[in-house]
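Just below is one structure, and these are the notes that go with it.
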Amino acid sequence: QVQLLESGGGLVQAGASLRLSCAASGGTFSRYVMGWFRQAPGQERDFVAAITNNGDNTYYADSVKGRFTISRDNANNTVFLQMNSLKPEDTAVYYCAATSYSLPRNPRYYAYWGQGTQVTVSS
């Protein structure tokens, strides 16, 4: 059983940056593909970014490509999401998740989820 705990959310102005962290415990972190998803009020949970277990490959939603960067530190069981040039439309609760499957964009294949961290971007 993997436990995930996100941190780093907050209220920022458009154009600012935030760095989200997700600390994992209770499992072998390096076995899992890690993903970030987000959910705005009244919306579905959307894929944001994912990274393979060894960090060699990353995947991004088109809406964040070039602005967000996902990375991981397997030695410290942590995955990060660096978010630059934030826009009001990035406002959402951000979740990290872990999967054993090689289908990083599909939330259905993620077995473990954190509680989420709120990101609010004001215009």
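Assorted remarks:
- Rolling a 1.4 Å probe over the protein heavy atoms gives segment 36-123 an accessible area of 52 Å² per residue.
- When the alpha carbon gyration tensor of segment 2-56 is reduced to an equivalent ellipsoid, the three semi-axes, largest first, read 23, 14, 12 Å.
- Across the accessible surface of segment 1-53, with the other protein chains kept in place and a 1.4 Å probe, carbon and sulfur atoms take up 44 percent.
- Compactness index (Cα Rg / 2.2 N^0.38 Å), the chain: 0.97
- For THR120, the accessible surface of its heavy atoms amounts to roughly 50 Å² (probe 1.4 Å, protein chains only, rounded to the nearest 10).
- Inter-part distance where segment 66-81 and segment 1-65 are each reduced to a Cα centre, Å: 8
- Spin-label pair GLN115/SER100, simplified geometry with 7 Å Cα→Cβ offset, distance in nm: 2.7
The values are calculated or read from the model by the stated rules, or taken from the named source; none is laboratory data. In this text, all values refer to a predicted model and were calculated from it rather than measured experimentally. All Cβ positions, glycine included, derive from the backbone under ideal geometry; neighbour counts span all protein chains shown. Side chains included, ligands, DNA and RNA excluded: accessible areas come from the protein's heavy atoms. Shrake-Rupley method; radii C 1.70, N 1.55, O 1.52, S 1.80 Å.
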